[in-house]
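Only the coordinates and a few stated rules stand behind these numbers; no lab work does. What you are looking at is a predicted structure, and each value in this text was computed from that prediction instead of being measured. Cβ atoms come from the backbone with ideal geometry, glycine included; neighbour counts cover every protein chain shown.
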Amino acid sequence: MAGKYADNIWDCLESSAQKAWRMKMETAYHEYKNPFFKNLIAEGKAEGEANALLVILEARKLPVSEEDRRTITSCTDLDQLGEWLRRAVTITDVAQLFD
């Protein structure tokens, strides 16, 4: 939704204003206060962490069952995902991830 909104604004700007818009958007950090957007950002971070975890396990050639994959991809707790990421670099079996 936010991307669509940004695209609509972009389309309405003259080229010089587009340059200013792009510079502002590239350098600006905005901490959202709206719970909807905060939730979207948190979901995106969790999804990224889960994907990183699966990449590490794949690179280490550790087989991941469908059940374990669902557990990993459904987790929204960033602290838990971080702990699993730290474990993923030393475990020898995916079951050890959840111990």
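Computed quantities for the displayed model
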{"read-out": "Furthest towards positive pole of dipole, ALA42, VAL55, LEU81, structure part segment 33-99, Cβ charges", "value": "ALA42"}
{"read-out": "Between helix 35-59 and the chain: long-axis angle, C-alpha atoms, 0 to 90°, nearest 10", "value": "40"}
{"read-out": "Anchor LYS33: lysines whose Cα lies under 29 Å away (excluding residues fewer than 8 positions away in-chain)", "value": "LYS4, LYS19, LYS24, LYS45"}
{"read-out": "16 Å Cα-Cα reach of LYS61 towards aspartates and glutamates, excluding residues that sit fewer than 8 places from it in its own chain", "value": "ASP93"}
{"read-out": "Net lengthening on full extension, THR76/ASP99 (0.36 nm per residue, minus Cα-Cα)", "value": "6.5 nm"}
